[in-house]
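Let me begin by handing over the structure; questions about it come next.
What follows draws every value from the coordinates through simple rules; no lab data is involved. For clarity, every value in this text was computed on a predicted model and none was experimentally measured. Positions of Cβ are generated from backbone atoms using ideal geometry, with glycine treated the same way; all protein chains shown enter the neighbour counts.
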Amino acid sequence: MTGRHVAPRPARSGVWRPGVVALVGALGLVGGLGTQAYWNDQATVTGQTVTSGSLDLLVDGEQGNPSTYPWASLSMTDMAPGESKAGTVTLSNGGTTPFTVSATATASGNLDPHVTARVVLAGSATTDSTYPRQETCTGGTQTFNDTLGNSGKTVISSTSTMAAGATLVVCVSLTLATNAPNSMQGKSYTPVFTFTATQAAS
Amino acid sequence: MRRLLLALVALPLVLLPGRTTLAPWTDPAPPRTTSTLSALSLVAPTLSCATRGILTLTVADVTWSPSSFPAPLSYSAVIVQAPGLNLSVTANSLTTVSPSLLSTLLGSWVTLRVTGTLPGTAWTTSSDIQLYVGLAGLSVSCP
């Protein structure tokens with residue numbers, strides 16, 4: 001007997017179909033994972049304004065710059081040799097930052113070499129309206145006692161720290177020398193004090 | 001050891017530049033104050049002259065109103081041409097010039113200077129007046 005014998009193809013097993021379905025299902029599930037999202041929430045908080053501190057030195061409540069503050073109580077007319085004039089100003093911290101204060105002074109006018117300036121922290125000024133008028137600064141701590149000149153001299157090196165709102169009285173007296181020469185009659189003298197506030201080290 | 005020294009030297013160089021950012025604030029517009037002293041000017045005396053005498057013998061009375069500002073001034077009188085000759089002053093407001101005082105200046109105009117001094121100071125004020133001394137030495141004339 002010749003001829004080919006063909007082995008009968010085995011019938012497909014029913015086991016494959018559930019496997020394919022499971023595979024597709026798994027792929028489907030895995031693919032579905034990509035669409036999942038975590039829950040989240042948002043809330044808007046209004047930010048607080050950040051404001052820098054301020055450093056502001058006032059003289060008798062005035063800025064004194066750019067317009068120079070007129071120190072009226074330290075002015076005198078018809079001054080004679082040997083007479084003195086004293087006056088005070090109140091420095092105050094008008095800002096929010098603690099600071100210390102230093103001061104320089106210059107003077108102009110022909111009387112300059114014959115006028116002695118005395119600076120006293122926390123001093124009080126006396127008054128005298130009878131010739132010879134001899135007003136002075138009492139109490140406090142003297143920081144300067146000399147002629148001023150026109151080149152600028154340090155009259156206050158540094159005060160103690162002034163907190164916001166703090167005040168400090170500065171008293172200055174100006175004395176025309178008794179031996180001022182006759183040629184000084186009718187002459188004038190203009191001192192300028194510059195107060196500088198420097199932030200205090202914390 | 002050298003590495004340690006090098007590190008000690010280098011460390012401040014790294015740290016110190018950072019300190020320049022710690023500059024304290026200063027008031028950008030430092031306040032300034034100003035005041036004025038003005039010295040007085042003594043008032044110069046206003047001089048008046050009057051002669052008095054009998055016949056040709058005359059003297060000159062020079063008067064002024066004394067100043068009392070800021071305090072009573074102290075007055076003196078001199079003949080400018082005879083600086084060593086101080087005339088007496090009466091009541092701080094009068095001086096009398098007689099020809100006998102001016103014998104070396106006969107027949108000429110002389111200058112009488114009255115000076116007020118603020119006591120205790122070097123400040124003075126003065127005024128001048130011209131007087132004529134007669135040739136005969138018997139009279140002094142006002143201008």
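Identify the residues of the stretch B:61-92 with backbone N under 15 Å of a label point that sits 7 angstrom from the Cα of B:C142 along the Cα-to-Cβ direction, or state none.
Those under the cut-off are B:61-65.
Same structure, new question: Can you pull the mean other chain C-beta count within 10 Å for peptide A:57-65?
Per-residue shielding by partner chains comes out at 4.
Then there is this: May I ask you to work out the translational diffusion coefficient for the stretch A:66-194 at 4 °C, viscosity 1.567 mPa s, via Stokes-Einstein with Rh from the Kirkwood sum over Cα pairs, reported in whole µm²/s?
For these conditions, the coefficient is 85 µm²/s.
Dimensions of the stretch A:63-105 along principal axes (Cα, Å, largest first)?
The Cα atoms of the stretch A:63-105 stretch 44, 20, 16 Å along their principal axes.
Tell me the Rg and the Dmax, in Å, that the Cα atoms of the stretch B:57-143 produce.
For the stretch B:57-143, the Cα radius of gyration and maximum Cα-Cα distance read 13.5, 44 Å.
Rounded if a/c is under 1.5, else prolate if a/b is larger than b/c, else oblate: which is the stretch B:29-75, with a ≥ b ≥ c the root eigenvalues of its Cα gyration tensor?
prolate
Provide the FRET efficiency to the nearest 0.05 for the B:Q81-B:V43 pair, computing r from the beta carbons and using R0 = 25 Å.
FRET efficiency, B:Q81 to B:V43: 0.45.
Moving to a separate point now. Residues of the stretch B:104-143 with backbone nitrogen within less than 20 Å of a virtual label 7 Å along the Cα-to-Cβ line of A:Y131, please, listed as ranges.
B:114-127
I would also like to ask the following. In which sequence would B:S76, B:S41 go, from the one with the fewest C-beta neighbours within 10 Å to the one with the most?
Numbers: B:S76 17, B:S41 12.
Exposure proxy ranking, most exposed first: B:S41, B:S76.
Further question: May I ask for the distance between the Cα centers of the stretch A:67-122 and the stretch A:132-183, given as a whole number of Å?
Centre-to-centre distance over Cα atoms comes out at 6 Å.
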